[in-house]
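Encoded as structure tokens, the structure appears first; notes follow it.
The values are calculated or read from the model by the stated rules, or taken from the named source; none is laboratory data. Note that the structure is predicted; figures quoted are calculated from it, not measured. Every residue, glycine among them, receives a Cβ derived from its backbone with ideal geometry; neighbour counts consider all protein chains shown. Calculation scope for accessible area: heavy atoms of the full protein, side chains included, ligands and nucleic acids excluded. Shrake-Rupley method; radii C 1.70, N 1.55, O 1.52, S 1.80 Å.
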Amino acid sequence: MKFATYADGSLDGRLLIVSRDQSRAVDATAIAPNLLTAVQRWREVEPHLARLAGELEAGVVAEAVAFDPSLALAPLPRAPQWLDGSAFLNHGRLMDHAFNKSPIPDFETTPVMYQGASDDFLGPHADVPFVSEDDGIDLEGEFGVVVDEVAMATPAAAAPDHIRLIVQINDWSLRIIGAREMPRGFGFLQAKPSTSFAPLAVTPDELGPCWCDGRADLFLHVLRNGERIGAASGREMAFSFPELIAHAARTRRLTAGTIIGSGTVSNADRAAGSSCLAEHRVIELLDQGAVRTPFLSFGDRVEMQACFPDGRPGPFGRMDQRVVRAAGVPA
């Protein structure tokens, strides 16, 4: 199943089921008012949602309408928790170079994760406001999962049973601020503004065989002002999503609707490009001796779309956003 959220004046929006070809949608609020409620009551509502999705595919839903992704909010406009890992070791190693710091202890054997803001997620076509270009505005393409309730100390072997949805993410970062916050040892705050999401959250079966070993074997195409930044594959996660879930739940219960991110999608093969500019810049430094690519500027356009290995568009839809100066901030 594919789910989207349209605005309705509430904090969580209204729930839509979207057809597999992403052309049609039907209101599902009679089953669950919003996607957060659906995840919280998944075992109860999933059969009813599946039946409505099947009727939409069969073309027998009189209330079906054309799906307009430009109207979509983030599938979950807010969530109980947003926990982001760094599961691609190639990215972590390159970031050590970018920030000129020593490697994180046990980085290759134990996941690292930070807790981000989960109260203000952005939709796939929303302008993204920032205070200053001098903060080092960067994009970060990721995949993520949405879980139902996960008990404290749930092991990785049991974690797949809690994955309800898969999402595509742009976890915007402010690199100059991040370089100041990390040495202070208290985690990110100002360096991590609101996160953006592709229009559709999907059940794992929508990926078919590309949902493999708890990973999304899809290529995340990233463009800046129409120019390719990268198309890295999600298959190179060193830690699977079940392992990330188990790590997050080691000392706490995860409530239904918690989102767990993969961290920036990154491949060892340089030909794959990058899913963030900081990584792209450090590769330029290593391979060419100098950084040539600037961070984002106001007016820049960022596009992201996951694709299947055969080139078909992926299940999440497309993100197309502009970087803008925040309202009320003087030029």
Sequence ranges 199-208, 113-122, ranked by mean other-Cβ count within 10 angstrom, highest first: 199-208, 113-122
Segment 111-165 and segment 1-51: distance between their alpha carbon centers, rounded to Å: 20 Å
Size of charge dipole - the chain - debye, nearest 20, with Cβ of Lys, Arg +1 and Asp, Glu -1, no other charges: 360 debye
MET304, MET182, ranked by accessible area, largest first (probe 1.4 Å): MET182, MET304
Student exercise, segment 68-216 dipole from Lys, Arg, Asp, Glu Cβ charges, in Debye to nearest 20: 360 debye
Cα-centred dipole magnitude for segment 142-284, charges only on beta-carbon of K, R (+1) and D, E (-1), debye, nearest 20: 600 debye
Accessible surface of THR110 - all protein chains present, 1.4 Å probe, nearest 10 Å²: 60 Å²
Per residue solvent-accessible surface (Å²) - the chain, probe of 1.4 Å: 42 Å²
Contour excess over end-to-end distance, with Cα ends at ALA151 and LEU189 and 0.36 nm allotted per residue: 11.0 nm
Antiparallel %, DSSP beta bridges [both residues in the chain], to 5: 90 percent
Most mobile listed residue (ASP134, ASP171, ASP84) in the chain, GNM with C-alpha springs under 10 Å: ASP134
Percent carbon-and-sulfur accessible area, the chain, ignoring ligands, DNA and RNA, probe 1.4 Å: 52 percent
Area accessible to solvent at PHE67, 1.4 Å probe radius, in Å²: 20 Å²
Whole-number D in µm² s⁻¹ for segment 142-265, Kirkwood Cα-pair radius fed into Stokes-Einstein, 20 °C, 1.002 mPa s: 137 µm²/s
For the chain, with +1 on Lys and Arg beta carbons and -1 on Asp and Glu, the positive-most of PRO160, LEU76, CYS276 along the dipole: CYS276
